[in-house]
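Enquirer: Starting off with a structure, shown below.
Quick note: the coordinates plus some simple rules give every number you see, no bench work behind them. Note that the structure is a prediction, hence the values are computed from the model and not measured. Ideal geometry is used to build each Cβ from the backbone, glycine not excepted, and the neighbour counts take in all protein chains shown.
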Amino acid sequence: MELKKIIIILCGLLFLYSCQEKIEGFTLIDEGVYLKLLSFEDEAQSYQNGDFVKASFSVCHEEKVIYQNFKYIPFLPTNKSFDLIFTHLNKGDSVELLVSKSIFNDNSFGFSSKKITSDLIKINMKIHDFLSEKEYDVFQKQNDEELVEQQILRNYLTTEQNIEEIEGVYYVKLQKTNDNTVQKGDVINIQYSGSFINGVVFDTTFRKQPFELVYGTPNQVIEGLEKVLKVLKNGEKAKIIIPSQFAFGEKGSSTGLIPPYSTVIYNLEIINIK
């Protein structure tokens, strides 16, 4: 009887192991996590459990880069699988990862995997540094304004549901319709309120006349609004989260009302498309 139990257990383990798909050129690190080392540094600093990781990375889908971080903001791996990845790496290493959606989303990078149809997400990553908690605190104090903005934005995005992204701008459709989509040359009337991430409103058209514009005509609205308007339909409402690079930039608004490197949020409704 005992021998039978042992045989059943061994067969079960063999079955589970065989279910892990082998991918040529990659090492299976954990369930749903594959790693390919592209370049490495032999004598460099290695990862210690609890370190913050300072890395640049790009997310690819169907051979196209669909997301890329441009600043190396340190992040803390938030699950066992990502911890295991970094135990294999040194400072300066470059890797290609294939990661399941669930593991990727557990380590929120401010990017939604919703539009990715494949089961595994491809990430190209270069490790720039590993920081202890003390070193991370020093880094935070020395951050420039742009890095601070990106950190705040990344944290804020984790609080939103059903978020979508287009060309670096994020939005959530609050009300959907089956009406016409905005096209270049359309005359559209919108109502909006603009606020900072902390909720302080700096501009609004509500309780006033709607704002009218000809879509596609330069300098009528900030770039971030222009990007999202083209995916909205007549009668729809949306919350639009715009990083400063697509809003008022490194100098802020000409009036001084919007400080430099300020992410802004617009709650917008399309009243009419002519």
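Enquirer: Give me the extension gain from S118 to L38: residue separation times 0.36 nm, minus the current Cα-Cα distance, reported in nm with one decimal.
Expert: Computed gain between S118 and L38 is 26.6 nm.
Enquirer: Same structure, new question: I need to check one value: relative contact order of the stretch 118-208, counting alpha carbon pairs closer than 8 Å and at least 6 residues apart, in percent. Can you show the working numbers first?
Expert: Details: 32 pairs, mean separation 10.4, N = 91.
Answer for the stretch 118-208 is 11 percent.
Enquirer: Please work out how many pairs of lysine residues in the stretch 142-238 are eight or more positions apart (or on different chains) and have Cα atoms closer than 17 angstrom.
Expert: Close lysine pairs under the 17 Å cut-off: 11.
Enquirer: With a bin width of 10 angstrom, please list the P(r) values of the stretch 116-173 as percents of all Cα-Cα pairs, from the 0 bin to the one holding the largest distance.
Expert: With a bin width of 10 Å, the distribution comes to 15, 34, 36, 15, 0.
Enquirer: Relative contact order of the stretch 164-273, please, whole-number percent, based on alpha carbon pairs below 8 angstrom and at least 6 residues apart. Provide the component values of the computation, followed by the final result.
Expert: Values: 241 pairs, mean separation 40.5, N = 110.
The value is 37 percent.
Enquirer: A further question follows. For S56, enumerate residues with amide H under 5 Å from its amide H, sequence gap 5+ or separate chain, H modeled in the peptide plane.
Expert: Counting only residues 5 or more places away or on other chains, the set is K126, H128.
Enquirer: Something else now. Please list, or write none, the lysines whose alpha carbon is within less than 20 Å of the alpha carbon of K251, excluding same-chain residues fewer than 8 places away.
Expert: By straight Cα distance, K251 reaches K71.
Enquirer: Considering the zone a paramagnetic label at N49 would reach in this model (a point 7 Å from Cα along the Cα-to-Cβ line), which residues of the stretch 128-161 have amide N under 19 Å from it?
Expert: 130-134
Enquirer: Normalised by the residues of the stretch 19-142, what does the relative contact order come to in percent, with Cα pairs under 8 Å and at least six apart?
Expert: Relative contact order here is 34 percent.
Enquirer: So, one more: Once phi is turned into θ = phi - 60°, what whole-Hz ³J(HN,Hα) does the Karplus curve with 6.51, -1.76 and 1.60 give for every residue of the stretch 209-221, x standing for Gly and Pro?
Expert: With coefficients 6.51, -1.76 and 1.60, one gets 5, x, 8, 10, 8, 9, 5, x, 7, x, 6, 8, 9 Hz.
Enquirer: Now for a different question. Expressed as a whole number of Å, what is the distance separating the alpha-carbon centroids of the stretch 201-274 and the stretch 108-166?
Expert: 24 Å
Enquirer: Select from the chain the helices, each a whole stretch of DSSP H, whose alpha-carbon atoms run 24 Å or more along the helix axis and whose Kyte-Doolittle mean is at least 1.0; answer none if there are none.
Expert: TM-like helix candidates: 2-19.
Enquirer: Shifting gears a bit: Over all directions, what mean area does the Cα convex hull of the stretch 127-246 project, stated in square nanometres?
Expert: 9.9 nm²
Enquirer: What is the Cα coordinate range of the chain on the first, second and third principal axes, sorted by size from largest, in whole angstrom?
Expert: Over the chain, Cα extents along the principal axes are 81, 46, 32 Å.
Enquirer: Expected output is a single nm value to one decimal: the length gained when fully extending between T217 and E62, i.e. 0.36 nm times separation in residues minus the C-alpha distance. What is it?
Expert: 52.5 nm
Enquirer: Still on this structure, I have one more. Within a 10 angstrom radius of the beta carbon, how do V65, V33, V172, V200 rank from fewest other beta carbons to most?
Expert: The fewest-first ordering by Cβ neighbours comes to V200, V65, V172, V33.
Enquirer: Would you calculate the convex hull of the Cα atoms in the stretch 19-142 and tell me its volume per residue in Å³? Could the numbers behind the result be given before it?
Expert: On the way: hull volume 13.8 nm³, N = 124.
About 111 Å³ per residue, rounded to a whole number.
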